[in-house]
1. Going through G129, G137 one at a time, which residue ends up being out of contact with any His (no Cβ under 7 Å at 6 or more places or on another chain) and either farther than 20 Å from S92 by Cβ or not assigned by TED's automatic domain parsing to the domain that holds I112 (or both)?
2. Consider the stretch 152-169. How many of its residues are farther than 22 Å from Q188 by Cβ and either within 13 Å of the ligand (Cβ to nearest atom) or surrounded by 11 or more Cβ atoms within 10 Å (Cβ to Cβ) (or both)?
3. Among the residues of the stretch 105-144, which ones are hydrophobic (A, V, I, L, M, F, W, C) and surrounded by fewer than 19 Cβ atoms within 10 Å (Cβ to Cβ)?
4. Against the condition of a type in the set (A, V, I, L, M) and in contact with a helix residue (DSSP H, G or I) (Cβ under 6 Å, 6 or more places away or on another chain), how does I134 come out, does it pass?
5. Mind checking which residues of the stretch 96-130 are without any contact (Cβ under 8 Å) to a residue 12 or more places away in the chain and either in contact with a strand residue (DSSP E or B) (Cβ under 9 Å, 6 or more places away or on another chain) or assigned to a strand (DSSP E or B) (or both)?
6. Only one of these is in a loop (DSSP other than H, G, I, E, B) and at pLDDT 95 or above: G137, G145. Name it.
7. What is the one condition in (1) within 8 Å of the ligand (Cβ to nearest atom); (2) over 27 Å from D89 (Cβ atoms) that Y180 does not satisfy?
8. Looking at (1) buried (at least 18 other Cβ atoms within 10 Å of the Cβ); (2) farther than 13 Å from I182 by Cβ, which is the only condition I91 fails?
Amino acid sequence: MSNPSGSGSGSWYETLTSTPVLIATAVGVSFAAIFAASSSGKTPEQIKTQAKEVKNVATSSTDAKGKAAQAGASIMSAPAADLAPPKDDPISASTLSQYDGSDPSKPIYVAIKGRVFDVTAKPEMYGKGKGYNIFAGKDASKGLGMSSLNLEDAVSDYSSLNETQMNSLNQWESFFEKRYNIVGKVVQ
Ligand code: HEM
């Protein structure tokens, strides 16, 4: 799924249209920037920077479009202020797979480099049928590094990543560390 009207779920579009910064005519401008950044393998930091640059251009005008962009926050969700101390509990890959969002009564987990993050707070992203569900219930480090939403890339072995992709993976790791509790580590 690489565009909002593409196959699969419509969660891209839902996410974008529910994000305050992307209102009014700013939608077209910001979306184009993010789309270009994501599809060219940019890291989350770069995507954010690029989105901000677009926002700054928009805010430099005094018309309604500029004010609309000004009212919005960063395109990415804010870091969490109240994270619990990270846990080191062993979690097997098969246990992890039960936390893939298919049962709404269970937590949703995403693992990066073997550390398991609790993303239950974001069912609209990681829940069943949602845009980032391919990362749920597994360690999908390689896919994150590749900026890939392909199922076959959503695996734990990231040894094939090049330097740019490793940077991307590391930035996603840092993004998750700031937002989600670590509930354990993946064991064989
Ligand atoms: C069409 C291209 C894309 C668009 C428009 C897009 C848009 C977005 C937006 C708006 C957010 C912020 C959501 C929020 O914080 O509430 C987000 C988060 C995210 N995106 Fe994308 N994205 C795109 C491509 C990708 C790709 C290719 C990947 C594969 C790695 C990806 C992975 C993620 C992840 C992991 C998050 C964090 C979700 C979270 O836990 O908050 N995105 N995306």
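1. Step by step, each of G129, G137 is checked, and only G129 is out of contact with any His (no Cβ under 7 Å at 6 or more places or on another chain) and either farther than 20 Å from S92 by Cβ or not assigned by TED's automatic domain parsing to the domain that holds I112 (or both).
2. Of the residues in that region, 6 qualify.
3. The one that is hydrophobic (A, V, I, L, M, F, W, C) and surrounded by fewer than 19 Cβ atoms within 10 Å (Cβ to Cβ): A121.
4. Against the criterion (of a type in the set (A, V, I, L, M) and in contact with a helix residue (DSSP H, G or I) (Cβ under 6 Å, 6 or more places away or on another chain)), I134 qualifies.
5. Correct list: empty.
6. Result of the check over G137, G145: G137.
7. Y180 satisfies all of (1) within 8 Å of the ligand (Cβ to nearest atom); (2) over 27 Å from D89 (Cβ atoms) except (2).
8. Every condition holds for I91 apart from (2).
The values are calculated or read from the model by the stated rules, or taken from the named source; none is laboratory data. The structure displayed is predicted, hence computed values, not measured ones. Here Cβ is always computed from backbone atoms with ideal geometry, including for glycine, and neighbour counts include all displayed protein chains.
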